[in-house]
Every structure is written in structure tokens, then in C-alpha cells.
Amino acid sequence: MKKMMNIVFYLAAVVFLSGVCIAGGAKEEKAVKAADAWLKLVDDGKYNESWETAAQYFKNSLTSAQWEQAVSPVRQPLGKVRKRTVKSKEYRTALPGAPDGEYVVIQYATSFENKNSAVETVTPMLDKDGTWRVSGYYIK
């Protein structure tokens, strides 16, 4: 009987965790789509539009002019994107220095005209209206 209870518990845990992974995977995919669309704006030098479509948390952290002053001198020298692929994506509910919420930390392996190998980290978050929007961007 005890062995049977262990098996039932194990199966219940597997079913529950599978559901969590599927739900997290769907959220990750939506977040990647949002990040890809946002990166296209940045790639095209549409920094004001990228700020406008960013998460409220992002917009509360800096003005559109501050965003352009920060991103333009970093991105323009790199040239056009040659290739960008998702290297990793991780669903999180807490990040250092950010309010609790739903986030996906996405790392892209990116090749630019003037820099063959870079890692872009884009962090979309689920805004209060249920839309995934970028809340952070870092390039290394």
C-alpha cells in the first residue's frame, strides 16, 4: 500500500510539473516574440518607439531621451545585425533590484557587422494589462 501511495504521489508530481513546464514554456514563447519585435525596433534605430513599447517599469526608470542617449552610442558602432539566435530563456518570478512579477530572461547570441560575437540579454515582463513587454536590455 505504501509503495502504491509513493507511485501515485510520484505520478501526481510528474503531471503537475509537466503542466508547470508547459505553462512556463508558453509564457517564454510569448516573451520571446515580444523581445524579437522590440529588438527589431532597436535594430532599426527606432529608439523612441522601442521606449514607447517597453514595459511600464522600463519607462518609469528612464525617459525616452535618456534611453536614446544610453543605447545609441552602444548599438550604432556595432552595425547591422547579421545573425541573432536565442541562446537561453528562463521564466522567473523575481529578479534582483526589480519588483516581483513574471519575467523571462532571454539571452541571444548575436553577430553584428562590426562585432562577430555578442550576447544580448533582453528581459520581458508581463505588464499589468497581460502583455509581455521589455523591461531590461543589456549587451556584452
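Numbers at a glance
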item: SER135 being in contact (Cβ under 8 Å) with a residue 40 or more places away in the chain, in a strand (DSSP E or B) and surrounded by 15 or more Cβ atoms within 10 Å (Cβ to Cβ); result: yes
item: Failed item in (1) part of a loop (DSSP other than H, G, I, E, B); (2) under 13 Å from the mean Cα position of the chain (by Cα), with LYS89 passing the rest; result: (1)
item: Subset of segment 95-122 that is within 17 Å of LYS27 (Cα to Cα) and in a loop (DSSP other than H, G, I, E, B) - its residue that is farthest from the chain's Cα centre (by Cα); result: ASP100
item: In segment 102-129, residue modelled with the lowest pLDDT [restricted to those that are out of contact with any Ser or Thr (no Cβ under 7 Å at 6 or more places or on another chain) and over 19 Å from ASP36 (Cβ atoms)]; result: LYS128
item: Elements of type helices (runs of 4 or more DSSP H) contained in segment 4-81, each with 1 or more residues being modelled with pLDDT of 95 or more and over 20 Å from the mean Cα position of the chain (by Cα); result: 64-75
item: Yes/no for GLY136 being at pLDDT 95 or above and on the phi > 0 side of the Ramachandran plot; result: no
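The values are calculated or read from the model by the stated rules, or taken from the named source; none is laboratory data. This is a predicted model, so every value here is computed, not measured. Glycine gets a Cβ as well: all are built from the backbone with ideal geometry, and neighbour counts include every protein chain shown.
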